[in-house]
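Asks: This is the structure, below, for whatever I ask next.
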Amino acid sequence: METKPVITCLKTLLIVYSFVFWITGAILLAVGVWGKLMLGPYISLIADNSTNAPYVLIGTGTVIIVFGLFGCFATCRGSPWMLKLYAMFLSLVFLAELVAGISGFVFRHEIKGTFHRTYTEAVQKYDAVDEASRAVDNLQHRLRCCGVYNYTSWFSSVYYPTKGIPASCCFNASDCNEDDLRNATIAPSKVYHQGCYELVTSFMETNMAIIAGVTFGIAFSQLIGMLLACCLSRIITANQYEMV
């Protein structure tokens with residue numbers, strides 16, 4: 001009879017943990033959908049395989065939601081093999097998140113290099129129409145920046161000879177026209193001087209430690225679920241306790 005309170009306590013803790021785990025999956029799913037709908041163009045300037053990132057989040061979130069529900073069901077049933085399967089899944093999630101966090105931190109310089117290359121290509125091939133060009137415009141307008149390092153990056157683009165520097169570089173849209181933006185003497189007084197590459201990479205460097213910390217924190221939280229699931233499974237098996 002002494003095992004009853006222990007099992008009840010472990011069940012309660014594991015159900016609470018599974019619910020939080022399920023919420024995490026729902027958040028990842030929401031972020032993935034939001035990223036696909038809203039951040040697709042921006043992500044295309046940062047990574048070559050940009051279209052895969054939102055789908056990875058959507059898929060991961062969906063799987064976590066399913067197994068979060070499975071964890072609650074396994075806990076309520078008190079099935080040892082289900083609890084072991086749940087613990088095994090949590091261990092896989094732990095390893096995946098750990099690898100992702102370490103990879104992101106170790107290869108942050110490669111990410112910066114990729115952003116520099118893809119953003120430079122987008123500036124060089126800018127036509128104000130395609131998706132990459134619209135992403136460049138949005139980035140420059142929102143961050144109040146111009147070009148890769150500064151506005152002179154636009155002088156070598158295919159767009160500059162006919163249209164000049166894009167209007168998204170102007171700090172006062174009502175005071176910008178194509179003639180001024182094609183004039184290398186007048187244009188500097190009309191556009192932002194800060195380059196977008198420096199702003200984006202500075203943000204990445206500043207927040208990389210926070211992102212890595214959150215990732216590792218979430219990853220190690222899986223250890224709690226693994227421990228609870230294994231302990232509950234072992235106690236139920238050892239005492240041949242049947243849940244009603």
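Asks: Could you grab me the full set of residues in the range 73-89 that are surrounded by fewer than 21 Cβ atoms within 10 Å (Cβ to Cβ) and within 21 Å of Asn239 (Cα to Cα)?
Replies: Result: Phe73, Cys76, Arg77, Gly78, Ser79, Pro80, Trp81, Met82, Lys84, Leu85.
Asks: Restricting to the range 127-167, name every residue that is farther than 17 Å from Asp179 by Cβ, β-branched (Val, Ile, Thr) and not in a helix (DSSP H, G or I).
Replies: Residues satisfying the conditions are Val129, Val148, Val158.
Asks: Just to be sure before I move on: is Ser221 surrounded by 12 or more Cβ atoms within 10 Å (Cβ to Cβ), at pLDDT below 85 and either acidic (Asp, Glu) or out of contact with any Asp or Glu (no Cβ under 9 Å at 6 or more places or on another chain) (or both) in the structure I sent?
Replies: Against the criterion (surrounded by 12 or more Cβ atoms within 10 Å (Cβ to Cβ), at pLDDT below 85 and either acidic (Asp, Glu) or out of contact with any Asp or Glu (no Cβ under 9 Å at 6 or more places or on another chain) (or both)), Ser221 qualifies.
Asks: Continuing with the same structure: List pairs: first residue in the range 71-90 and without any contact (Cβ under 8 Å) to a residue 40 or more places away in the chain and within 13 Å of Met226 (Cα to Cα), second residue of a type in the set (Phe, Trp, Tyr) and open to solvent by 40 Å² or more (accessible area, probe 1.4 Å) anywhere in the structure, Cβ distance under 7 angstrom, at least six positions apart or on different chains.
Replies: Every condition considered, the pairs that remain are Phe89/Phe67.
Asks: Do we have Leu92 as in a helix (DSSP H, G or I) and crowded, with 16+ Cβ neighbours inside 10 Å here?
Replies: Criteria not met by Leu92.
Asks: Is the range 131-140 home to any residue that is open to solvent by 80 Å² or more (accessible area, probe 1.4 Å), closer than 22 Å to Ser202 by Cα and not β-branched (Val, Ile, Thr)?
Replies: No, the range 131-140 contains no residue that is open to solvent by 80 Å² or more (accessible area, probe 1.4 Å), closer than 22 Å to Ser202 by Cα and not β-branched (Val, Ile, Thr).
Asks: If you don't mind, another one. For the range 165-176, how many residues meet the condition of being modelled with pLDDT under 85 and either more than 18 Å from Leu139 (Cβ to Cβ) or of a type in the set (Asp, Glu) (or both)?
Replies: So the answer is 2.
The values are calculated or read from the model by the stated rules, or taken from the named source; none is laboratory data. Note that the structure is a prediction, hence the values are computed from the model and not measured. Positions of Cβ are backbone-derived with ideal geometry, glycine not excepted, and every protein chain shown enters the neighbour counts. Surface areas here come from the heavy atoms of the whole protein model, side chains and all, with no ligands, DNA or RNA. Shrake-Rupley method; radii C 1.70, N 1.55, O 1.52, S 1.80 Å.
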